[in-house]
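The values are calculated or read from the model by the stated rules, or taken from the named source; none is laboratory data. Note that the structure is a prediction, hence the values are computed from the model and not measured. A quick note on method: Cβ atoms are made from the backbone with ideal geometry, for glycine too, and the neighbour counts reach across all protein chains shown. Heads up: the accessible areas ignore ligands, DNA and RNA and are worked out on the full protein's heavy atoms, side chains in. Shrake-Rupley method; radii C 1.70, N 1.55, O 1.52, S 1.80 Å.
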Amino acid sequence: MALKIFCFPHAGGSAAGYFWLKRGIERMHSQISVTVCEYNGHGRKINCPFYSSLSEGARRLAVEIRECQEENIVLFGHSMGAYMAIETAAFLQDSFDRRVSAVIVSGQDSPVNQQMRRAERTDEELLAYLQSLGGMSPVITENKEYRNFFLSIIREDMRILDSYRSGEKCLHCPLCIMYGEEDMEIDKSLLSSWKTVTTERVQFQCFSGGHFYLMEHREQVLAFMDSLLYSLNLIR
């Protein structure tokens, strides 16, 4: 059974940061291929204009994904990528009549709880906030030129995150929410509101660690995703 997984990076991230996920999954299963999406203004698309909104980015990515030849498609997104994944799934479902087999989101509150104003912070405040999340290379803080370049990218991501509203969209596929036990970005008491995002099965999986738990526990993440795909009958 052929399966295609599309991965959506976090704010300020690029496709290169998730190649470990691609290699790990493809190593375990020859029938699965993984594509890590690249956002405009990031990585190999660094010269492309930033998206005007998260919805625009999701629509553009959905246009790329809809031509996928595999019968089964799974979307995975971490942090900002979680919202990009569910919005892309909604575009595929509602605009292109292409229903995905499952959406896996990581390190993010339900979109109904999206209220933060990140882009309005000063450089110092934004850097302190990002450092508190972990997963940021020391190169960014030690090199002024690189730091300014990185901040210019992440501010654009924070801008579209701040303006994002999920509206009345509702998916018709299984949804899995992965999160770090010590992730201060997530209000654990409101995790159940993810159930409003889909009409299908919703599953929650907690890992030790903070916002970037998946980078610290790669093997556990890969093992869980493997068992999840089996439970959804997407691999045999």
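Some observations on this one:
- Convex hull of the chain built on C-alpha atoms - directionally averaged projected area, nm²: 12.0
- 0 to 90° range, to nearest 10: angle between helix 218-231 axis and the chain longest Cα axis: 30
- Cross-link partners of K22 among lysines (Cα-Cα below 26 Å; sequence separation of 8 or more within a chain): K4, K45
- Note that the range 8-110 presents 37 Å² accessible area per residue, ligands and nucleic acids not counted, probe 1.4 Å.
- The magnitude of the dipole of the range 17-141, with charges of +1 and -1 set on the Cβ of Lys/Arg and Asp/Glu and taken from the Cα centre, is near 220 debye.
- Cut-off 13 Å between beta-carbons: net charge of the residues surrounding S132, Lys and Arg +1, Asp and Glu -1: -3
- Between the C-alpha center of the range 59-114 and that of the range 205-236 there is a gap of 18 Å.
- Candidate lysines for bridging to K169, where Cα separation is under 16 Å - those fewer than 8 sequence places away on the same chain excluded: K195
- Of the three principal axes defined by the Cα atoms of the range 1-51, the extents in descending order read 37, 18, 15 Å.
- Working from Cα pairs under 8 Å separated by at least six residues, relative contact order for the chain is 20 percent.
- Carbon/sulfur fraction of accessible area - the range 78-236, other protein chains in place, 1.4 Å, %: 48
- Heavy-atom accessible area per residue - the range 160-216, 1.4 Å, Å²: 47
- In degrees, nearest ten, helix 19-28 long axis to first principal axis of the chain (Cα): 20
- Cα gyration tensor, the range 25-110 - rounded (a/c under 1.5), prolate or oblate: rounded
- Amide hydrogen proximity for V34: with H placed 1.01 Å from N in the peptide plane, the residues at 5 or more positions away or on another chain lying under 5 Å are I5.
- For the range 105-175: relative contact order, % (alpha-carbon pairs under 8 angstrom, 6 or more apart): 48
- Of all DSSP-defined beta bridges confined to the chain, some 0% are antiparallel rather than parallel.
- Ellipticity estimate at 222 nm from DSSP helix runs (n ≥ 4, -39,500 (n - 2.57)) divided over the chain, nearest 500: -11500 deg cm²/dmol
- Once C-alpha pairs closer than 8 Å and six or more residues apart are averaged by separation and normalised to the residue number of the range 1-126, the relative contact order reads 26 percent.
- Charge dipole (debye, nearest 20) of the range 104-224; +1 at Cβ of Lys and Arg, -1 at Cβ of Asp and Glu: 360
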